[in-house]
Each structure stands twice: as C-alpha cells, then as structure tokens.
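Quick note: the coordinates plus some simple rules give every number you see, no bench work behind them. Since the structure is predicted, the reported quantities are computational estimates derived from the model, not experimental observations. For neighbour counting, all protein chains shown are included, and Cβ atoms are generated from backbone atoms with ideal geometry for every residue, glycine included.
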Amino acid sequence: MTEIKVDCVGQNCPVPLVETRKALRKAEAGDVVEVTGTHPSSKKEIPMAARAMGLEVIGVSEEGERWIIRIRK
C-alpha cells in the first residue's frame, strides 16, 4: 500500500478537487490518498466526489484552518 499526499493548502476550488482526482487516477487499489487543504467548500466536495466514485473516505480531520481528508482507493 502506498500513501499519496496531495498538498492543496491555499488553493481554491476547483484546484483541490482536480488534484485529488489526478492522485486517485494514479493510485493503485488499496492505496491511500491524503489531501491537505484550507478551502472550506473543498472539504465537503472532495469526500462527496470520492464516495460518488465508490471509494472509501477513511476520515476528515481539522487542525485550525487546515483540513486533512484520507481516501482509500
């Protein structure tokens, strides 16, 4: 299992979602993609998109302005 980190801190929509999709395309089955960002609406959109793609959202955590979303392919 590989962990792929996507840093979208300071990026606004749609960049975090686009970068997350790119990482998920590269990921193998079982890999975890960890997305870090600060844009509030992306925190909602990325998990919704991942679930729509049939992927498992392992968790969403927040540290101040920053959030971390972990998705298993």
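For the chain, adding -39500 (n - 2.57) for each run of n ≥ 4 DSSP H residues and dividing by the number of residues yields -10500 deg cm²/dmol at 222 nm. Here the relative contact order of the chain, from alpha carbon pairs under 8 Å that lie six or more residues apart, stands at 34 percent. With a simple spin-label model that places each label point 7 Å from the Cα along the Cα-to-Cβ direction, the separation between Glu56 and Lys5 comes to 2.3 nm. Beta-bridge orientation, the stretch 3-72: approximately 70 percent antiparallel, per DSSP, counting only bridges with both partners inside.
About its Cα centre, the dipole of the stretch 3-72 is roughly 240 debye, where the only charges are +1 on Lys and Arg Cβ and -1 on Asp and Glu Cβ.
Here the translational diffusion coefficient of the chain follows from Stokes-Einstein with Rh set to the Kirkwood radius across Cα pairs; for 4 °C and 1.567 mPa s it amounts to 110 µm²/s.
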